[in-house]
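Okay, so here's the structure we're looking at.
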Amino acid sequence: MQETEKRKMEHVEVALKEDVHTTASNGFEKIRFLHYALPELDYSKISLETTFLGKKLSAPFMVTGMTGGCTEAEKINSEMAGACAEEGIIFAVGSQRAMLEDKSLKKTYAVKKGAFLCGNIGAYQLKKYSPKQIQSAIDDIRADALCVHLNPLQEAIQKEGDTDWTGVLEKITILCRELSVPVVAKEVGSGINGEVARELEKAGCNALDVSGLGGTSWSAVEHYRSGRSGDVFRDWGLPTAEALKQCSNAVRIPLIAAGGMRNGLEAAKAIRLGASIAGAAAPFLEAQQEGGPAEVKKLIKKWKHELKTAMFLTRSKNLGELRKAKLLE
Ligand SMILES: Cc1cc2nc3c(=O)[nH]c(=O)nc-3n(C[C@H](O)[C@H](O)[C@H](O)COP(=O)(O)O)c2cc1C
């Protein structure tokens, strides 16, 4: 088994078995909506529909990138992609580095079910692979967009980590110019600040996933793998709500709120703070492990119900109105 393939398997195992959650919160508990005792709305007519990067979705949700490149990943990706397609939301595969190293692993990522599928590659890998190679990895799985992940903390903690990050922004700029699908730059749990958001927008990124602090800690995951200083950095980064506020003040491209998002009410708050999409990783992986695609669908439906309930109680009949809903000072 290749090193990358082995690492991807360990990440899933550690994320499921160990306590890899941050102790810090995602910051959304501080945001409260003004409650309307008289909604004057029909709950059944509330619409969650939206369009993201030119594609229609039934709800503004996304299962963010986790896996691919190992045997177990094929089942995980296929079951989660199926559930997301049936519920009309975005699904993203994990880093495609393993299939760039070994083409035979393509099948563990090629899970397109007619819905919105995102590919994934580490920003650091852009120093090694040309835009043409990345384009072919995208074409191989018929992805609608590419997520480029920024994970400097994880790389610094990882035993085998890549730590010379000079020139990465320039590589992102070149990729954005040459790729045929939209590029979404994402963090993996430490958040994107306003300054970096502006740099990524200028580089040509079409959207950002702020993936902030408050959920899965990559530093904790790597701590369990290597025993290095990961636990010291468990709570490093910008809470997701803060990252979202900074990015939404800094850029005009659409934003995805992820990082410790655990229900549809938090999704409602994220949309109110400027997100177009709310996403999560770990909770959907846990659901898939517990009960396959049926359990993933159940969790998506639960988020839809919670988001709709928040909209009902804030007199918001669609997401445009939710964006203007009143908050408690
Ligand atoms: C098991 C696991 C594997 C992940 N692998 C990737 C990856 O390959 N590429 C990536 O961009 N993000 C990866 N992530 C990060 C998530 O996409 C997300 O940004 C982060 O976990 C925060 O979301 P959460 O708190 O809901 O888990 C992974 C997350 C988990 C839990």
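The values are calculated or read from the model by the stated rules, or taken from the named source; none is laboratory data. What you are looking at is a predicted structure, and each value in this text was computed from that prediction instead of being measured. Ideal geometry is used to build each Cβ from the backbone, glycine not excepted, and the neighbour counts take in all protein chains shown. Just so you know, the surface numbers come from the protein's heavy atoms only, side chains and all, with ligands and any DNA or RNA stripped out. Shrake-Rupley method; radii C 1.70, N 1.55, O 1.52, S 1.80 Å.
Scan Ala185, Ala220 and give me the residue that is hydrophobic (A, V, I, L, M, F, W, C) and touching a Gly at 6+ places or on another chain (Cβ under 8 Å).
Values: Ala185 fails: touching a Gly at 6+ places or on another chain (Cβ under 8 Å).
None of the others qualify; the one that does is Ala220.
Gly82 versus (1) away from the ligand (no atom under 12 Å from the Cβ); (2) at pLDDT 95 or above; (3) in a loop (DSSP other than H, G, I, E, B); (4) buried (at least 16 other Cβ atoms within 10 Å of the Cβ): which is the lone unmet condition?
Gly82 satisfies every listed condition except (3).
Cβ-Cβ distance below 7 Å, separation of 6 or more or different chains: which pairs start in the stretch 17-29 with a residue that is of a type in the set (S, T, N, Q) and end on one that is away from the ligand (no atom under 12 Å from the Cβ)?
Final answer for the pair search is Thr22/Arg234; Thr22/Asp235; Thr23/Arg234; Thr23/Asp235; Asn26/Ala241.
In this structure, does Lys106 turn out to be in a helix (DSSP H, G or I) and open to solvent by 70 Å² or more (accessible area, probe 1.4 Å)?
Yes: the conditions hold for Lys106.
Output yes when any residue across the stretch 288-311 is among the β-branched types (Val, Ile, Thr), open to solvent by 40 Å² or more (accessible area, probe 1.4 Å) and in a helix (DSSP H, G or I), and no when none is.
Yes, the stretch 288-311 contains a residue that is among the β-branched types (Val, Ile, Thr), open to solvent by 40 Å² or more (accessible area, probe 1.4 Å) and in a helix (DSSP H, G or I).
Just to be sure, is Gly214 under 23 Å from Thr67 (Cβ atoms) and small (Gly, Ala, Ser)?
Considered against the rule, which asks whether it is under 23 Å from Thr67 (Cβ atoms) and small (Gly, Ala, Ser), Gly214 comes out as yes.
Among the residues of the stretch 94-103, are any assigned to a helix (DSSP H, G or I), within 13 Å of the ligand (Cβ to nearest atom) and within 18 Å of Val184 (Cα to Cα)?
Yes, that holds for at least one residue.
Return the total of residues in the stretch 24-48 being more than 16 Å from the ligand (Cβ to nearest atom), surrounded by 13 or more Cβ atoms within 10 Å (Cβ to Cβ) and part of a loop (DSSP other than H, G, I, E, B).
Of the residues in the stretch 24-48, 7 are more than 16 Å from the ligand (Cβ to nearest atom), surrounded by 13 or more Cβ atoms within 10 Å (Cβ to Cβ) and part of a loop (DSSP other than H, G, I, E, B).
If you go through the stretch 1-8 one residue at a time, do you hit one that is touching a helix residue (DSSP H, G or I) at 6+ places or on another chain (Cβ under 8 Å) and either part of a strand (DSSP E or B) or modelled with pLDDT of 95 or more (or both)?
no
Which members of the stretch 204-220 meet the condition of being more than 9 Å from the ligand (Cβ to nearest atom) and either open to solvent by 10 Å² or more (accessible area, probe 1.4 Å) or out of contact with any strand residue (DSSP E or B) (no Cβ under 9 Å at 6 or more places or on another chain) (or both)?
Gly204, Asn206, Ser219, listed by residue number.
What pairs come up if the first residue lies in the stretch 95-124 and is of a type in the set (D, E, K, R), the second is within 13 Å of the ligand (Cβ to nearest atom), and their beta carbons are under 6 Å apart, counting only those six or more places apart or on different chains?
Note: pairs meeting the criteria are Arg97/Thr4; Arg97/Gln125; Glu101/Thr4; Lys106/Met99.
If you go through the stretch 159-169 one residue at a time, how many are under 21 Å from the mean Cα position of the chain (by Cα) and touching a residue at least 60 places away in the same chain (Cβ under 8 Å)?
Of the residues in the stretch 159-169, 0 are under 21 Å from the mean Cα position of the chain (by Cα) and touching a residue at least 60 places away in the same chain (Cβ under 8 Å).
Tell me, yes or no, whether the stretch 255-272 has at least one residue that is farther than 21 Å from Ile31 by Cβ and either more than 11 Å from the ligand (Cβ to nearest atom) or open to solvent by less than 40 Å² (accessible area, probe 1.4 Å) (or both).
For the stretch 255-272, residues farther than 21 Å from Ile31 by Cβ and either more than 11 Å from the ligand (Cβ to nearest atom) or open to solvent by less than 40 Å² (accessible area, probe 1.4 Å) (or both): absent.
Under 9 Å between Cβ atoms, at least 6 apart or on separate chains: pull out the pairs that start in the stretch 270-288 with a residue that is of a type in the set (S, T, N, Q) and end on any residue that is in a helix (DSSP H, G or I) and open to solvent by 20 Å² or more (accessible area, probe 1.4 Å).
That search, which allows pairs on different chains as well, returns Gln288/Lys75; Gln288/Glu79; Gln288/Glu295.
Residue check: is His21 open to solvent by 20 Å² or more (accessible area, probe 1.4 Å), within 12 Å of the ligand (Cβ to nearest atom), more than 17 Å from Ala143 (Cβ to Cβ) and at pLDDT 95 or above?
On the way: open to solvent by 20 Å² or more (accessible area, probe 1.4 Å): yes; within 12 Å of the ligand (Cβ to nearest atom): yes; more than 17 Å from Ala143 (Cβ to Cβ): yes; at pLDDT 95 or above: yes.
Considered against the rule, which asks whether it is open to solvent by 20 Å² or more (accessible area, probe 1.4 Å), within 12 Å of the ligand (Cβ to nearest atom), more than 17 Å from Ala143 (Cβ to Cβ) and at pLDDT 95 or above, His21 comes out as yes.
Can you go through Lys6, Lys55 and tell me which one is of a type outside the set (Phe, Trp, Tyr), touching a strand residue (DSSP E or B) at 6+ places or on another chain (Cβ under 9 Å) and surrounded by fewer than 23 Cβ atoms within 10 Å (Cβ to Cβ)?
Lys55
Which numbered condition trips up Thr240, out of (1) within 12 Å of the ligand (Cβ to nearest atom); (2) within 16 Å of Glu155 (Cβ to Cβ); (3) in contact with a strand residue (DSSP E or B) (Cβ under 9 Å, 6 or more places away or on another chain); (4) touching a residue at least 40 places away in the same chain (Cβ under 8 Å)?
Result: Thr240 passes all but (2).
Based on what the data block shows, is Arg198 in contact (Cβ under 8 Å) with a residue 24 or more places away in the chain, over 15 Å from the mean Cα position of the chain (by Cα) and part of a loop (DSSP other than H, G, I, E, B)?
no
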